[in-house]
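Student: Handing you this structure, nothing more for now.
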Amino acid sequence: MWIAGTELPGDGAPEVVRNPATEEPLAEVRSASPTQVDRAVAAARAALPGWRRTPAGERGELLHGVAAWLRDHTDELGRLMTLEGASRWSRTPTRSAGRPTPSATTPSSAATSAAG
């Protein structure tokens, strides 16, 4: 998690992340403690006035940077999201907003499309 620009491990209880289709454990992560949640909320509130004063063009540049990072990490994020959602990962491109993107199919949607 990130609090006030610093990456921190969770101080809360461990949480097992499971594949929802198989219940197979995928990872174990520590959740945020109540104190960490309070610190994160306070940091976000403290940052809001500065963000509001940031010119729209500068905010747009920052958001374009986020979008570029997401595009650069599409495969990694796609694999993680499909594991989390119990879907199958396919690198067959589809179109979204004019750009090729990976597609994921759930087992049920794959069976439906295979059946006709």
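Student: Name the residues in the stretch 22-56 that are under 19 Å from the mean Cα position of the chain (by Cα) and of a type in the set (D, E, K, R), would you?
Tutor: Of everything in the stretch 22-56, those that are under 19 Å from the mean Cα position of the chain (by Cα) and of a type in the set (D, E, K, R) turn out to be E28, R30.
Student: Which residues, taken from the stretch 73-90, are modelled with pLDDT of 90 or more and either over 10 Å from the mean Cα position of the chain (by Cα) or assigned by TED's automatic domain parsing to the domain that holds N19 (or both)? Let's see the steps before the verdict.
Tutor: Filtering the stretch 73-90 for residues modelled with pLDDT of 90 or more gives 73-77.
H73, T74, D75, E76 - these are the residues of the stretch 73-90 that are modelled with pLDDT of 90 or more and either over 10 Å from the mean Cα position of the chain (by Cα) or assigned by TED's automatic domain parsing to the domain that holds N19 (or both).
Student: Here is a list of conditions, (1) in contact with a strand residue (DSSP E or B) (Cβ under 7 Å, 6 or more places away or on another chain); (2) surrounded by fewer than 12 Cβ atoms within 10 Å (Cβ to Cβ); (3) part of a loop (DSSP other than H, G, I, E, B), and G10 meets all of them except one; can you say which number that is?
Tutor: All conditions pass for G10, except number (2).
Residue-by-condition table, conditions (1) modelled with pLDDT of 95 or more; (2) polar (S, T, N, Q); (3) surrounded by 10 or more Cβ atoms within 10 Å (Cβ to Cβ):
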residue: A27; (1), (2), (3): no, no, yes
residue: S33; (1), (2), (3): yes, yes, yes
residue: A46; (1), (2), (3): yes, no, yes
residue: G50; (1), (2), (3): yes, no, no
residue: R53; (1), (2), (3): yes, no, no
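The values are calculated or read from the model by the stated rules, or taken from the named source; none is laboratory data. These numbers come from a predicted model, not from an experiment. All Cβ positions, even for glycine, are placed from backbone atoms using ideal geometry, and neighbour counts span all protein chains on display.
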